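Taking it in order: structure first as structure tokens, then the write-up.
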Amino acid sequence: MFIAKQDPEVAHALQRELLREEEGLEMIPSENFVSRAVLEALGSVATNKYAEGQPGKRYYGGCQEIDVIEQLAIDRAKQLFGAEHVNVQPLSGAPANLAAYSAVLSPGDTVLGMDLSHGGHLTHGHPVTFSAKIYNFIRYKTTAEGLIDYEEIERMAREHKPKLILVGYSAYSREIDYARIKAIADEVGALTMADIAHIAGLIAGGEMNNPVPLFDIVTTTTHKTLRGPRGGMIMCKAMHAKAIDKAVFPGLQGGPHENVIAAKAVAFLEALQPEFKTYSKQIRLNAKVLEQELSSRGYRLMFGGTDNHLLLIDVSSKGVTGGEAEKALDAVLITVNKNMIPDDPRSPFDPSGIRLGTPAITSRGMKEVEMKQIATWIDEAIEHRANEAHLEKLRTEVKEMTKRFPLYPELAYE
Ligand code: DSN
């Protein structure tokens, strides 16, 4: 590796990060492990090129090969999701959402979106965001049973007459009835938008409902269940194509990151293969096993369980905060994130829950039997969090298991 000679400090940190990813169990549901082919595309010469504009219509010369790459990414995404129009240039999920809003909304317009603590996302109108300063976000919540409250959405839509109704979540673990939302939107004359960042891979693999044929706009990241590079994408009906493209560039962004777009193209080709269906099915099977194993040990699962890749768990009944549970699991090389639960009485810095998921460990080839073992370790780590000897024993066991599922066998930075 050139980097080892030229910059040993960065090389060393990368080597340590590689080791951390290999030794541990990555269970943050928004993370995944890309293939070597995706890594190669990310580190390719396409990073050198400016290509503002669209394939075939650029503001810079020398874009002939970049056009081929970006068109491949667009065509493959269209095929994967059945989209009429795709823009692969958004730098990530938050800019994709902002571009989508600015394409179809005027300042002051009303948007109906899910409350963050009920499984929504910051960019769906949380007061700390820039978009909340521009648009009038009204936020709906889940029912007392923890499910999407379609009747309440209908009531709120009739009352507030939003220009846009937004679904798609970052901690909600259940299926979404897109047809029902579309019917509500049609009744009040609203546009529909789904943010499928978390579940895009499950939709591509045919494991979850696909909003793309129904909704006006669908945004996603490409690095979660879709197992591509860190980036964003917007799909829409042909009637919104021009507005979406203009909102991304020149509205919000400059030159697209064409190395990332090359990596998106590679990841989409991978997602079109039959093995990806098997992969996405296994993600859900694994999440189901964790659901059963953890609820049988007395953990309270929000939303009553999971239909997708993630679990939101209230750990307060175990006498710990989300932050304490995250730390206990970190100590045994299991990486999760602390997370708010619906109407959490605690602060976001140390909430009542943890959120965990199966996309990354499933990419390593782990299946039901490993999930049972992992559930035992999670429970033991939380229960014995003050017992360093016990934590050391669990760390050793985790390392022994992860060794059996090599991640990047021939990769080294130093
Ligand atoms: N930060 C991402 C997540 O972890 O869900 C969403 O943007």
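The values are calculated or read from the model by the stated rules, or taken from the named source; none is laboratory data. On a predicted model such as this, the values are computed, not experimentally measured, just so you know. No Cβ is skipped: glycine too gets one built from the backbone with ideal geometry, and neighbour counts run over all protein chains shown. Quick note on the areas: whole protein, heavy atoms, side chains included, nothing else; ligands and nucleic acids left out. Shrake-Rupley method; radii C 1.70, N 1.55, O 1.52, S 1.80 Å.
On the basis of being open to solvent by 10 Å² or more (accessible area, probe 1.4 Å) and either touching a residue at least 24 places away in the same chain (Cβ under 8 Å) or assigned to a loop (DSSP other than H, G, I, E, B) (or both), does L214 make the cut? Judged against the criteria, L214 is a match. In this structure, does D344 turn out to be surrounded by fewer than 21 Cβ atoms within 10 Å (Cβ to Cβ) and assigned to a loop (DSSP other than H, G, I, E, B)? For D344, the condition - surrounded by fewer than 21 Cβ atoms within 10 Å (Cβ to Cβ) and assigned to a loop (DSSP other than H, G, I, E, B) - is met. For region 120-131, the criterion of a residue being more than 20 Å from the chain's Cα centre (by Cα) and away from the ligand (no atom under 16 Å from the Cβ) is satisfied by at least one position. Against the condition within 16 Å of the ligand (Cβ to nearest atom) and in contact with a Lys or Arg (Cβ under 7 Å, 6 or more places away or on another chain), how does G206 come out, does it pass? For G206, the condition - within 16 Å of the ligand (Cβ to nearest atom) and in contact with a Lys or Arg (Cβ under 7 Å, 6 or more places away or on another chain) - is not met. Scanning region 75-99 for residues that are part of a helix (DSSP H, G or I) and open to solvent by less than 10 Å² (accessible area, probe 1.4 Å) turns up A77, F81, A96, N97, A99. Hey, does region 275-288 have a residue that's under 30 Å from M340 (Cα atoms), surrounded by fewer than 17 Cβ atoms within 10 Å (Cβ to Cβ) and not charged (D, E, K, R)? So far as region 275-288 goes, yes, one or more of its residues are under 30 Å from M340 (Cα atoms), surrounded by fewer than 17 Cβ atoms within 10 Å (Cβ to Cβ) and not charged (D, E, K, R).
If I ask for residues that are surrounded by 24 or more Cβ atoms within 10 Å (Cβ to Cβ) and not in a helix (DSSP H, G or I), which ones from region 100-119 would you list? Listed by number, the residues that qualify are V111, L112, G113, M114, G119.
If a residue must be within 14 Å of the ligand (Cβ to nearest atom) and of a type in the set (D, E, K, R), how many such residues does region 162-203 contain? So the answer is 1. Checked against (1) open to solvent by 10 Å² or more (accessible area, probe 1.4 Å); (2) small (G, A, S); (3) at pLDDT 95 or above, S170 meets all criteria but (3). Candidates Y135, Y150: the one that is away from the ligand (no atom under 16 Å from the Cβ), more than 30 Å from T306 (Cα to Cα) and hydroxyl-bearing (S, T, Y) is Y135. Looking across region 173-189, the residues that are open to solvent by less than 10 Å² (accessible area, probe 1.4 Å) and part of a loop (DSSP other than H, G, I, E, B) come down to S173, I176.
Looking at region 230-319, the helices (runs of 4 or more DSSP H) lying wholly inside it that each contain 2 or more residues that are among the acidic types (D, E) sit at 258-271, 274-296. The set of residues from region 225-244 being of a type in the set (K, R) and away from the ligand (no atom under 12 Å from the Cβ) comprises R227, K237, K242. Inside region 10-33, residues that are surrounded by 14 or more Cβ atoms within 10 Å (Cβ to Cβ), over 25 Å from Q373 (Cβ atoms) and among the aliphatic types (A, V, I, L, M) make up a count of 2.
Residues of region 48-58 that are exposed (fewer than 13 other Cβ atoms within 10 Å of the Cβ) and either closer than 30 Å to A243 by Cβ or of a type in the set (A, V, I, L, M) (or both): G56, K57.
T222 meets all of the listed conditions (1) surrounded by fewer than 23 Cβ atoms within 10 Å (Cβ to Cβ); (2) within 16 Å of the ligand (Cβ to nearest atom) but one, namely (1).
Taking the criterion of being among the hydrophobic types (A, V, I, L, M, F, W, C) and surrounded by fewer than 24 Cβ atoms within 10 Å (Cβ to Cβ), the residues of region 190-202 that qualify are A190, L191.
Among residues of region 321-340 being in a loop (DSSP other than H, G, I, E, B) and open to solvent by less than 10 Å² (accessible area, probe 1.4 Å), the one that is nearest to I378 (Cα to Cα) is V332.
For region 120-151, a residue qualifies if it is part of a strand (DSSP E or B) and of a type in the set (F, W, Y), and the qualifying residues are F137, Y140.
Just to be sure I understand, how many residues within region 1-55 are within 16 Å of the ligand (Cβ to nearest atom), in contact with a strand residue (DSSP E or B) (Cβ under 6 Å, 6 or more places away or on another chain) and not in a strand (DSSP E or B)?
Looking only at that region, the number is 3.
For region 354-386, residues that are under 17 Å from T396 (Cβ atoms), touching a residue at least 60 places away in the same chain (Cβ under 8 Å) and among the polar types (S, T, N, Q) total 1.
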